[in-house]
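The values are calculated or read from the model by the stated rules, or taken from the named source; none is laboratory data. If you're wondering where the values come from, they're calculated on a predicted model, not measured in any experiment. Cβ: placed from backbone, ideal geometry, glycine included. Neighbour counts: every protein chain shown.
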Amino acid sequence: MLKAENIHAAYGSSQVLFGVDLELREGQLVAMMGRNGMGKTTTVRAITGLTPPSSGTITLDGRDVTRLKPHQIGQAGVALVPEGRQIFPTLTVRENLIATERHRRETTQQWTLERVFDLFPRLRERASQMGDSLSGGEQQMLAIGRALLTNPRLLILDEATEGLAPLIRHEIWEVLAGLKAEGQTILVIDKNLDEMAVVADYAYVVLKGRIAWQGDVEAMRATPDFAETYLGV
């Protein structure tokens with residue numbers, strides 16, 4: 001579904017990515033891991049058009065989207081749950097959700113407001129509350145629901161469970177496992193290796209702007225001292 005080849009990206013004169021290659025097949029949940037500041041978010045920003053690559057190619061379903069604007073990439077079927085959630089604080093939960101609602105002709109099982117409320121019952125309970133009145137976990141649920149209402153081909157989550165309580169973190173991973181079971185293609189950045197390994201099909205490790213390791217979950221578990229070597233934990 002998504003293929004990034006030899007991606008270089010920079011912020012001004014500071015180059016961050018040095019030839020990143022990444023591939024997702026339809027229906028996969030792919031994990032991207034690495035220490036802070038290694039280029040994971042920049043890779044996501046390159047894919048979504050927020051930080052256009054200085055060189056390289058990104059294709060979605062065979063279509064070259066490398067030079068498209070962020071809204072055009074969104075219209076092509078890529079939805080981002082950004083780090084820090086970035087919900088609209090002065091809109092209600094319901095308004096946050098319907099602000100991005102979009103139907104796709106090629107999608108047989110459309111995401112609707114009611115379907116998101118079924119996925120996250122707490123959002124239904126808080127539908128009339130302002131976004132900034134929610135807890136961190138509820139805001140993450142809202143950010144995921146908002147992304148799903150665009151009916152994406154590819155769902156990207158940057159730091160999916162960062163800063164969340166263990167119970168909420170587990171709930172988010174259960175939701176991602178359910179989405180994957182329904183055929184949703186997902187790219188997720190997160191540091192919770194044990195929970196990620198349960199649902200991920202494939203993993204990439206980014207180190208100093210390059211892919212330092214890649215492989216399936218079985219290979220990851222078989223790699224000696226994987227967490228210590230690549231994640232610094």
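Residues that are touching a helix residue (DSSP H, G or I) at 6+ places or on another chain (Cβ under 8 Å) and farther than 16 Å from residue 202 by Cβ were ranked within region 12-41; the one that is surrounded by the fewest Cβ atoms within 10 Å (Cβ to Cβ) is 35. Each residue in region 32-45 was checked for being closer than 20 Å to residue 73 by Cα and without any contact (Cβ under 8 Å) to a residue 40 or more places away in the chain, and 1 pass. Restricting attention to region 143-179 and to residues that are over 21 Å from residue 72 (Cα atoms), in contact with an Asp or Glu (Cβ under 9 Å, 6 or more places away or on another chain) and acidic (Asp, Glu), the residue that is surrounded by the fewest Cβ atoms within 10 Å (Cβ to Cβ) turns out to be 162. For region 180-215, taking the residues that are closer than 22 Å to residue 39 by Cβ and acidic (Asp, Glu), the one that is surrounded by the fewest Cβ atoms within 10 Å (Cβ to Cβ) is identified as 201.
Checking each residue in region 198-233 for being in a helix (DSSP H, G or I) and under 14 Å from residue 160 (Cβ atoms) picks out 198, 199.
Would you check if there is a residue in region 10-18 being more than 25 Å from residue 213 (Cβ to Cβ) and part of a loop (DSSP other than H, G, I, E, B)? Looking through region 10-18, at least one residue is more than 25 Å from residue 213 (Cβ to Cβ) and part of a loop (DSSP other than H, G, I, E, B).
Conditions tested, residue by residue: (1) of a type outside the set (S, T, N, Q); (2) in contact with a strand residue (DSSP E or B) (Cβ under 8 Å, 6 or more places away or on another chain).
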site: 8; (1), (2): yes, yes
site: 11; (1), (2): yes, no
site: 28; (1), (2): no, yes
site: 41; (1), (2): no, yes
site: 44; (1), (2): yes, yes
site: 48; (1), (2): no, yes
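Scanning region 42-75 for residues that are under 15 Å from residue 186 (Cα atoms) and buried (at least 16 other Cβ atoms within 10 Å of the Cβ) yields 43, 44, 47, 48, 60, 74. For beta carbons closer than 9 Å, sequence separation of 6+ or different chains, a first residue in region 111-135 that is among the aromatic types (Phe, Trp, Tyr) and a second that is part of a loop (DSSP other than H, G, I, E, B), the qualifying pairs are 111/101; 111/103; 111/149; 111/150; 111/151; 111/152; 117/127.
Criterion applied to 17, 29, 2, 60 was being in contact (Cβ under 8 Å) with a residue 40 or more places away in the chain, under 14 Å from residue 157 (Cα atoms) and in contact with a Lys or Arg (Cβ under 9 Å, 6 or more places away or on another chain), and the one residue passing it is 29. The condition (being surrounded by fewer than 19 Cβ atoms within 10 Å (Cβ to Cβ), in contact (Cβ under 8 Å) with a residue 60 or more places away in the chain and of a type in the set (Asp, Glu)) is satisfied by just one residue among 95, 83: 83.
Can you tell me which residue in region 44-93 is modelled with the lowest pLDDT, limited to those that are of a type in the set (S, T, N, Q) and in a loop (DSSP other than H, G, I, E, B)? For region 44-93, the residue satisfying everything is 86. Among residues of region 148-168 that are free of Cβ contacts under 8 Å to residues at least 12 places away in the same chain, none has a beta-carbon under 9 Å from a residue that is surrounded by 23 or more Cβ atoms within 10 Å (Cβ to Cβ) at least six positions away or on a different chain.
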